[in-house]
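Beneath this line is the structure, given in structure tokens, with notes to follow.
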Amino acid sequence: MKNDKDNLIVNLSVEFALAIIEYCELFEENRKFVIANQLLKSGTSIGANVREAQNAESKVDFIHKLKIAAKEADETEYWLIL
């Protein structure tokens, strides 16, 4: 990927995903497998979609991928609230 170092959103989404992974391990230790699984999926999907947007085929595709990341962020917030 081009210029990873200069992309704040990409870098923060990776850091967030790593924090989510660690947090989910705590849920798993406490046998909260369903929440851990859902949170892991949505929390790491944010960064995956942000990275995918970096290689979008058009401006419309870029926006679409970032909107998917935003939806995943909303879902992640829900699981964190629970």
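The values are calculated or read from the model by the stated rules, or taken from the named source; none is laboratory data. Bear in mind that the values here come from a model prediction, so they are computed numbers and not experimental data. Please note: Cβ atoms are built from the backbone with ideal geometry, for glycine as well, and neighbour counts cover all protein chains shown.
Numbers at a glance
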{"read-out": "Residue, nearest to N11 (Cα to Cα), within segment 31-56, restricted to residues that are of a type in the set (V, I, T) and surrounded by 15 or more Cβ atoms within 10 Å (Cβ to Cβ)", "value": "V50"}
{"read-out": "S45 within 19 Å of L80 (Cα to Cα) and in contact with an Asp or Glu (Cβ under 9 Å, 6 or more places away or on another chain)", "value": "yes"}
{"read-out": "Selection count where residues are surrounded by 16 or more Cβ atoms within 10 Å (Cβ to Cβ), of a type in the set (S, T, Y) and over 12 Å from the mean Cα position of the chain (by Cα), scope segment 62-82", "value": "0"}
{"read-out": "Residue within segment 53-75 that is touching a helix residue (DSSP H, G or I) at 6+ places or on another chain (Cβ under 9 Å), at pLDDT 95 or above, polar (S, T, N, Q) and in a helix (DSSP H, G or I) present", "value": "no"}
{"read-out": "Of all residues in segment 10-52 being modelled with pLDDT of 95 or more and of a type in the set (F, W, Y), the one that is farthest from the chain's Cα centre (by Cα)", "value": "Y23"}
{"read-out": "Odd one out for K59, checked against (1) surrounded by 13 or more Cβ atoms within 10 Å (Cβ to Cβ); (2) free of Cβ contacts under 8 Å to residues at least 24 places away in the same chain", "value": "(1)"}
